[in-house]
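Enquirer: Next up is a structure, given as structure tokens.
The values are calculated or read from the model by the stated rules, or taken from the named source; none is laboratory data. Bear in mind the structure is a predicted one, so any value in this text is a computation, not a measurement. Glycine also receives a Cβ, built like all others from the backbone with ideal geometry; neighbour counts cover every protein chain displayed.
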Amino acid sequence: MTTIGFIGSGHIGSALARLAVEHGHAAVVSNSRGPHTLVDLVAELGDNARAGTPEEAATDGDVVVVTVPFKAYRDVPAAPLAGKVVIDTNNYYWERDGHVAALDDGSTTSSEMLAEHLAGARVVKAFNHITAADLGTRSTPAGTPGRRALAIAGDDAEAKAVVAELIDRWGFDVVDAGPLAEGRRYQRDLPAYGPDLDADALRAALAEA
């Protein structure tokens with residue numbers, strides 16, 4: 001049984017943990033406030049879920065989802081994530097995170113900054129352009145007409161294949177946007193950010209960015 005670690009258990013993290021457990025994975029959920037604050041979520045998720053610290057989620061997860069506010073990305077434990085597939089759901093919202101010059105001028109992206117912090121981790125950007133509500137309601141079997149598609153970006157082909165398989169299993173088509181830097185194509189305020197799009201429409205939206 002694949003274990004998915006969750007560093008961050010807010011709306012997106014909780015929705016992804018539900019999908020993980022529903023599809024036969026074990027889940028280790030964590031947040032910055034401590035395992036005792038996740039008792040209700042773990043009870044809801046059932047026997048295949050447990051609460052831990054971010055370090056435990058990073059250590060015990062075969063695949064680890066980082067889903068914290070961007071301003072907290074340096075708090076993500078780096079050492080236990082070396083060599084692991086890390087899914088980055090983060091978005092940069094300057095109103096919340098404060099201005100970061102390199103992001104404001106477009107010279108890098110939030111996912112690239114996370115990857116630099118997590119030296120050795122295999123970072124794939126995914127799940128940042130869908131709401132938690134849609135994660136819970138738009139999951140459909142492969143081949144469903146109009147199936148919602150989600151974009152991924154990363155520099156490691158094997159890591160992207162792992163993430164693509166998870167996304168497909170959890171109910172969504174996958175569109176590969178290319179290297180991690182191309183994650184900029186589905187950041188906030190761009191055509192691919194938010195709308196419910198099938199694979200063809202998502203490719204068009206990415207190309208428009």
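For (1) modelled with pLDDT of 95 or more; (2) aliphatic (A, V, I, L, M); (3) within 16 Å of the chain's Cα centre (by Cα), each residue gets a yes or a no:
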site: ALA159; (1), (2), (3): yes, yes, yes
site: GLY183; (1), (2), (3): yes, no, yes
site: TYR193; (1), (2), (3): yes, no, yes
site: ALA204; (1), (2), (3): yes, yes, no
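Enquirer: Check GLU55, GLU44 and return the single one that is free of Cβ contacts under 8 Å to residues at least 40 places away in the same chain and under 20 Å from LEU81 (Cα atoms).
Expert: Going through GLU55, GLU44 in turn, just one is free of Cβ contacts under 8 Å to residues at least 40 places away in the same chain and under 20 Å from LEU81 (Cα atoms): GLU55.
Enquirer: What pairs come up if the first residue lies in the stretch 1-26 and is in contact (Cβ under 8 Å) with a residue 24 or more places away in the chain and within 10 Å of LEU45 (Cβ to Cβ), the second is buried (at least 24 other Cβ atoms within 10 Å of the Cβ) and among the aromatic types (Phe, Trp, Tyr), and their beta carbons are under 8 Å apart, counting only those six or more places apart or on different chains?
Expert: Between residues of the stretch 1-26 that are in contact (Cβ under 8 Å) with a residue 24 or more places away in the chain and within 10 Å of LEU45 (Cβ to Cβ) and residues that are buried (at least 24 other Cβ atoms within 10 Å of the Cβ) and among the aromatic types (Phe, Trp, Tyr), the close pairs are ALA17/PHE6.
Enquirer: Going through ARG203, ARG188 one at a time, which residue ends up being in a loop (DSSP other than H, G, I, E, B) and farther than 23 Å from ALA119 by Cα?
Expert: Selected residue: ARG188, the only one of ARG203, ARG188 that is in a loop (DSSP other than H, G, I, E, B) and farther than 23 Å from ALA119 by Cα.
Enquirer: While we're looking at this one, here's another question. Collect the residues in the stretch 94-116 that are over 21 Å from GLY154 (Cα atoms) and among the hydroxyl-bearing types (Ser, Thr, Tyr), keeping them in residue-number order.
Expert: Once the filter is applied, which keeps residues that are over 21 Å from GLY154 (Cα atoms) and among the hydroxyl-bearing types (Ser, Thr, Tyr), the stretch 94-116 yields nothing.
Enquirer: Can you tell me how many residues within the stretch 80-112 are in contact with a Ser or Thr (Cβ under 6 Å, 6 or more places away or on another chain) and part of a helix (DSSP H, G or I)?
Expert: 2
Enquirer: Which condition breaks for THR137 when tested against (1) surrounded by fewer than 22 Cβ atoms within 10 Å (Cβ to Cβ); (2) more than 17 Å from HIS11 (Cα to Cα)?
Expert: Unmet for THR137, out of (1) surrounded by fewer than 22 Cβ atoms within 10 Å (Cβ to Cβ); (2) more than 17 Å from HIS11 (Cα to Cα): (2).
Enquirer: Evaluate the stretch 1-14: report whether one residue or more is more than 17 Å from the chain's Cα centre (by Cα) and either farther than 19 Å from ALA132 by Cβ or outside any strand (DSSP E or B) (or both).
Expert: yes
Enquirer: Examine the stretch 69-79 for a residue that is assigned to a loop (DSSP other than H, G, I, E, B), touching a Lys or Arg at 6+ places or on another chain (Cβ under 7 Å) and more than 19 Å from ALA164 (Cα to Cα), and state whether such a residue exists.
Expert: yes
Enquirer: Right, something else. Give the stretch 29-41 a look and list any residue that's in contact (Cβ under 8 Å) with a residue 24 or more places away in the chain and in a helix (DSSP H, G or I), or say none.
Expert: Matches in the stretch 29-41: LEU38, LEU41.
Enquirer: Which residues, counting only those in the stretch 167-185, are charged (D, E, K, R) and either assigned to a loop (DSSP other than H, G, I, E, B) or closer than 23 Å to ALA142 by Cβ (or both)?
Expert: Passing the criteria: ASP168, ARG169, ASP173, ASP176.
Enquirer: Report yes if GLU208 is more than 15 Å from VAL66 (Cα to Cα) and surrounded by fewer than 22 Cβ atoms within 10 Å (Cβ to Cβ), otherwise no.
Expert: Against the criterion (more than 15 Å from VAL66 (Cα to Cα) and surrounded by fewer than 22 Cβ atoms within 10 Å (Cβ to Cβ)), GLU208 qualifies.
Enquirer: Here's another thing I want to ask about it. Which of the residues belonging to the stretch 146-155 are crowded, with 18+ Cβ neighbours inside 10 Å and either under 21 Å from GLU112 (Cβ atoms) or touching a Cys at 6+ places or on another chain (Cβ under 7 Å) (or both)?
Expert: Passing the criteria: LEU150, ALA151, ILE152, ALA153, GLY154.
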